[in-house]
């Protein structure tokens, strides 16, 4: 996903929808949120829609992936998103808005976002990654960038690790990754979309 000009291209077709509650777990130096609507993307190009549905549900706003896909112009094809913040902000709970942070390929900047959103606000962060670089998707390494969006919903300062929810069904679910590795795997022109208190 090139989230500043997000290109919705995910790993492969065949993801199946599943919804559940994930969490809770709290460490002395970290937080893992209980996701209110953990789910897999319903179509191979709906990773942004699935991730956005998870982020919005954490604010108490329940939106179907199909509605978000229509808003993002990716109902039946891979699309070029452009700036999706207006659509997200229109759906956000009162007092919240979304903000792009393409500068988060620095581990320190990514850490500050996670500390603010996950630890302080108790909100997940949408992360735009090269899915082929992630260890659980290693079968796709060597095939060029596989731009993809997932949800960061945990951060532990003592271990410098991030808990991700992978929305792509075949390798979906909870994964833990070192902070510096996630920063290196981010899409450099997209980074993350974080929730901001407005």
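Overview of results
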| item | result |
| --- | --- |
| Label-point gap, in nm, between residue 62 and residue 159 - each point 7 angstrom along Cα→Cβ | 3.2 nm |
| Rounded to 5, percent antiparallel among DSSP beta bridges of segment 53-198 | 95 percent |
| Separation between Cα centres of segment 86-101 and segment 137-160, rounded to whole Å | 24 Å |
| Sequence ranges 48-56, 109-117, 164-172, ranked by mean other-Cβ count within 10 angstrom, highest first | 48-56, 164-172, 109-117 |
| Stretchable slack from residue 120 to residue 97, in nm (0.36 nm times residue separation minus alpha-carbon distance) | 6.7 nm |
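The numbers here are math on the coordinates, done by the rules we state, and not lab data. The structure presented is a predicted model; accordingly, all values stated were derived computationally and were not measured. Heads up, the Cβs are rebuilt from the backbone with ideal geometry, glycines too, and the neighbour counts pull from every protein chain shown.
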